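First up is the structure itself, then whatever we jot down about it.
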Amino acid sequence: MGKGDDRAGAVRRTVYVVGGGVAGVLAAAAIARRSRDRVVILEQAETLGAGLTQGNGRSLTVTEGTIAAGLSAAQVAAALGRSVVAGGYGYPGFRATAAERAQMEGFAARSRQRLMDPAAVAARDRALLRFGVTSLHLWRQFAAARPLVAARTGLQLHPKLRLYGGDRGLERAEGEAQGVAEALDAVAPLENPCPGSALGGATVPAAIAAQMEPSLAAHLERFAGGISVQPGGAIHGARLVQELADALVAEGAVTIQTGATVRSLRWHRDAIAAIEGDWRSRRQVWGGPSDAYVFATGIDPLLATAGALAEPLFPLAGTSITLPVSGAIARLGIPFSRRSWKYDGLGPLVISSVFLPDDAYLDFLDSYDFRRFRPDDLALARTGLIDRTWGDRLDPAQFDPARLDPRRVEHFDPRAVGPAAGRWEIRIGGLKFYPGDRDPADLAHPGSRWAIAQQIQFARALFPDLMAQLIDPTLDPAIAPPDALAPLQPWGGSRPVYASGMAALGPFCSNGYAIVGTGSWGLTSGLANADAIAQWLDGTPTDAITLPGLTRSHWRDYRDRVRPPVAAVYP
Ligand SMILES: Cc1cc2nc3c(=O)[nH]c(=O)nc-3n(C[C@H](O)[C@H](O)[C@H](O)COP(=O)(O)OP(=O)(O)OC[C@H]3O[C@@H](n4cnc5c(N)ncnc54)[C@H](O)[C@@H]3O)c2cc1C
């Protein structure tokens, strides 16, 4: 008997999840875990995670949401008229057409309606911070439930550095530190504290920061801005989507249809009667009125066209480059970031490192007798599985094998593994600019080209030796042909944002739900959004939804802010 049938043989409801990015796949997993519904993911691309999830910064940070949303109405209006170099959203040389000006003015006007009152903005930021802390806690639970998926997708959870440049850097760092500390206080009743909570919200001197991330030591010697530490981490979003989807299919929990594009919704009163589109060029109708539909379609206009969203999504473009660090490069002893951190100068820029272990390394961890481990064991050092300098600094009496094991995310220290254990990838993502009506995924877009050149220059300043291994050091990235930059996997795309800075999350009719507009933190907040949607779907009353660390009033605080962009009107 399949998951679609109950014991009496009656067919159960099917939940169609439209969109196989991080939001859709995490939602499908949460729904399958909580219910006996059949779950089907429909994805228009031939592979999952090929949209925004492919190119995002991979960063998990509790303050990501307030960065996404953190502008007041006056700041939004100013940013739209100012160049990126001066802290705005206009890339150098950008000239708006009349239609683009109208789109920007509409966005600024909607911000004014929502973000004028400073007390309301502060309350929103508190709600977002608590949601960020709760989200990290869920990542921690995820790693405990699926340790192998966590390891294969490079999940790390650790105290994370944020560097603030500029004259007011320290002031901002301290202000934010206080916000994070407040959010951590709010989740203090959690049975298991969040990773890094001991450091959450602290500002630290450069010397401590250099110890936390040795590859930054030279840079931090000259750094004059503020530095804060907060709970955070990183994960390879696209790999997560693939690994988790494979596991769900193998468990019989989810069915996946790729190459399936949903083009319209068929209505019956306040319910979706079916969804229509095509699968591999053939017309197709999915579902019926007693099924449920979750839309996790990123920046796609489907929901807005269907009249399901009260407010249009606004595109806030960004780009990324990826620095692959193979075992051969790691063997050269070149310094590179092994943990993630953020730089709020031009941008912000998000530097996310993930370690992707080889199967042979996991086998080694399972078979090696760590009771006889000695840091100066030459035979072990020669395998290249353990970092030599890490071994030198180790006190054998304090040694914990979990420090070497990426399946134990609470304890794993990526600085401990050697070049033969796997490979690293450093994703440098971020920058924000308004792309106008051209698609920033086209890397000939002048904004994308400019932003990628900035990220390459930044990477060269921080990791000159590593960058010299990857591309010709004499190359000018602003005019280089695309092939010359290919080793850095340049990428561009638009974050879908609302003027309120909040995502649309929740039901928009009796059997339709949305997770869209997640802006800069769809990955970070993905598990918490998915959990909430799964609870709505299983009939939990809206007020009774629970997420770890969020009291009822904190949940309501968040929920009341996210729901307004979802229209409760049916054609
Ligand atoms: C430069 C940049 C840096 C970022 N950095 C971070 C970060 O560090 N941390 C973080 O948390 N977030 C970050 N983000 C945001 C994050 O990437 C997104 O919030 C997240 O990936 C969104 O996931 P999603 O599943 O909602 O959207 P997507 O990944 O775009 O998935 C939507 C999917 O739906 C499919 N689809 C769309 N329409 C249809 C249709 N009609 N029928 C069928 N399928 C459809 C698409 O093909 C796509 O696969 C960043 C974003 C940018 C642009």
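The values are calculated or read from the model by the stated rules, or taken from the named source; none is laboratory data. Since the structure is predicted, the reported quantities are computational estimates derived from the model, not experimental observations. Using ideal geometry, Cβ is built from the backbone for each residue, glycine included, and neighbour counts are taken over all protein chains shown. These area figures cover heavy atoms from the full protein model, side chains too; ligands, DNA and RNA do not enter into them. Shrake-Rupley method; radii C 1.70, N 1.55, O 1.52, S 1.80 Å.
The value of relative contact order for the chain, using C-alpha pairs under 8 Å at least six residues apart, is 24 percent. Each peptide in 274-282, 305-313 gets a packing score, the mean of other Cβ atoms within 10 Å over its residues, and the list from highest to lowest is 305-313, 274-282. Evaluating kT/(6 pi eta Rh) at 20 °C and 1.002 mPa s, with the Kirkwood radius of the chain over Cα pairs in the Stokes-Einstein relation, gives 88 µm² s⁻¹. Solvent-accessible surface of the chain, averaged per residue with a 1.4 angstrom probe and all protein chains in place: 40 square angstrom. The 3J(HN,Hα) values that the Karplus relation (6.51, -1.76, 1.60; θ = phi - 60°) gives for the range 395-404 are, in residue order, 8, x, 5, 9, 5, 10, x, 4, 4, 9 Hz. Gly and Pro appear as x.
Taking amide hydrogens as placed 1.01 Å from N in the peptide plane, the amide H of Phe295 sits under 5 Å from those of Val18, Tyr513, Ala514, Ile515, each at least 5 positions away in sequence or on another chain.
With R₀ set to 35 Å, the beta-carbon distance separating Ala402 from Ala78 gives a calculated FRET efficiency near 0.10.
Length available on full extension from Leu148 to Asp363: 0.36 nm per residue minus the Cα-Cα distance, which gives 76.2 nm. Near Gly519: Cβ cut-off under 11 Å, other residues only, Lys/Arg at +1 and Asp/Glu at -1. The net charge is +1. The residues packed around Leu362, meaning those with a beta-carbon under 13 Å from its beta-carbon, carry a net charge of -2 if Lys and Arg are +1 and Asp and Glu are -1.
Expressed per residue, the C-alpha convex hull volume of the range 227-332 stands at 253 Å³. With a cut-off of 14 Å between beta carbons, the residues surrounding Leu115 carry a summed charge of +2, where Lys and Arg count +1 and Asp and Glu -1.
Length gained on full extension, Thr47 to Ala119: 21.5 nm, using 0.36 nm per residue less the C-alpha separation.
Let me check against my output: what whole-number percent is the relative contact order of the range 345-426, with C-alpha pairs under 8 Å and at least 6 apart? Relative contact order for the range 345-426 comes out at 44 percent.
Stretched out fully, how many nm does the piece from Asp538 to Ala99 gain, at 0.36 nm a residue minus the Cα gap? Residue separation times 0.36 nm, minus the Cα-Cα distance, leaves 153.8 nm. Put a dot 7 Å past the Cα of Thr474, heading toward its Cβ, do the same for Leu170, and the two dots end up 4.4 nm apart.
Looking at Gln257, Gly169, Pro481, which one has the Cα that reaches farthest to the positive end of the dipole of the chain (charges on Cβ: Lys, Arg +1; Asp, Glu -1)? Among Gln257, Gly169, Pro481, the one farthest towards the positive end of the dipole of the chain is Gln257. Per-residue surface analysis assigns Arg407 an accessible area of about 50 Å², computed on protein heavy atoms at 1.4 Å probe radius.
Heavy-atom accessible area for Arg146, with the other protein chains in place and a 1.4 Å probe, reaches approximately 60 Å². Please state the shape class of the range 349-478: rounded when a/c is under 1.5, otherwise prolate if a/b exceeds b/c and oblate if not, all from the C-alpha gyration tensor. Prolate shape, in that a/c is at least 1.5 and a/b is the bigger ratio. Applying 1/(1 + (r/R0)^6) with R0 = 51 Å to the Cβ-Cβ distance of Glu251 and Ala328 gives a FRET efficiency near 0.90. Computed in the context of the full set of protein chains, the accessible area of the chain at 1.4 Å probe radius has 51% of its extent on carbon or sulfur. The Cα center of the range 545-562 and the Cα center of the range 355-402 differ in position by 43 Å. About its Cα centre, the range 255-320 has a charge dipole of approximately 280 debye under the convention of +1 per Lys or Arg Cβ and -1 per Asp or Glu Cβ, with nothing else charged.
Please give the FRET efficiency for Arg36 paired with Thr305, using the beta carbon to beta carbon distance and R0 = 30 Å, rounded to the nearest 0.05.
Efficiency, from the Cβ-Cβ distance: 0.40.
Distant-in-sequence amide contacts of Ile256, defined by a placed amide H-H separation under 5 Å and a gap of 5 or more residues or a different chain, comprise Ile41.
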